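Laboratory data are not the source of any read-out in this text; all were calculated from the coordinates shown. All figures in this text were calculated on a predicted structure; none of them were measured in a lab. In this analysis, Cβ positions are derived from the backbone assuming ideal geometry, glycine residues included, and neighbour counts consider all displayed protein chains.
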Amino acid sequence: MPDMELFLSLAEIAGVFVGFGALIALRSSGPGETFDVLWIEMVVWVAIAVVVIAIAPVAVGGFGITGHALWLACSVIALLVFFGGDEVIVRTSRERRAFLSAAPMRRRWKGELAVSILTVIPATLAFALVILGVLPEQEAALYFLAAALMLLLAALLLLQAVFRVGYAAWGVPRTGEDVGPPVVTGGTDDAGA
């Protein structure tokens with residue numbers, strides 16, 4: 001089995017992202033903005049998916065499966081885990097549904113599109129090339145590339161989560177789109193008394 005240590009290293013790195021995502025979620029005080037909760041949720045989910053994707057060749061290869069059959073099985077598992085898990089999140093996450101149904105999301109959608117173009121689309125194409133058996137000599141490299149791109153996706157999501165939570169903790173407005181009307185607190189309304 002070629003370079004299985006690399007896959008285990010990817011799994012370890014993704015596991016760290018799970019921990020950081022969970023830590024950010026726990027350290028955030030009070031109820032988070034829907035978008036913040038969604039991003040932490042996505043960091044943890046994508047990192048868990050990367051762990052599964054990275055460990056799949058080691059687990060499947062442990063049964064003596066090699067060559068195209070190994071990379072085919074792992075690519076199918078990877079696509080099912082990533083896209084199936086995303087579908088589960090869409091159907092069960094209140095935050096994800098709110099994100100998808102919100103109207104003024106143009107800037108956020110542009111960011112999500114850019115991240116998809118950089119990571120999800122090429123990774124999906126790499127898994128598809130493996131499944132189709134187009135480049136049999138490069139299947140291990142294509143699979144590793146796809147797993148690394150998924151790890152990059154987790155890193156980009158984690159980076160955004162850290163900045164968003166950090167900005168909130170420092171009292172810095174995030175963007176004009178996220179800043180609502182000022183909240184007035186304290187005092188009483190004596191006009192009606």
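From most to least packed by mean Cβ count within 10 Å, the peptides 77-85, 57-65 give 77-85, 57-65.
Multiplying the residue separation of Val58 and Thr92 by 0.36 nm and removing their Cα-Cα distance gives an extension gain of 9.2 nm.
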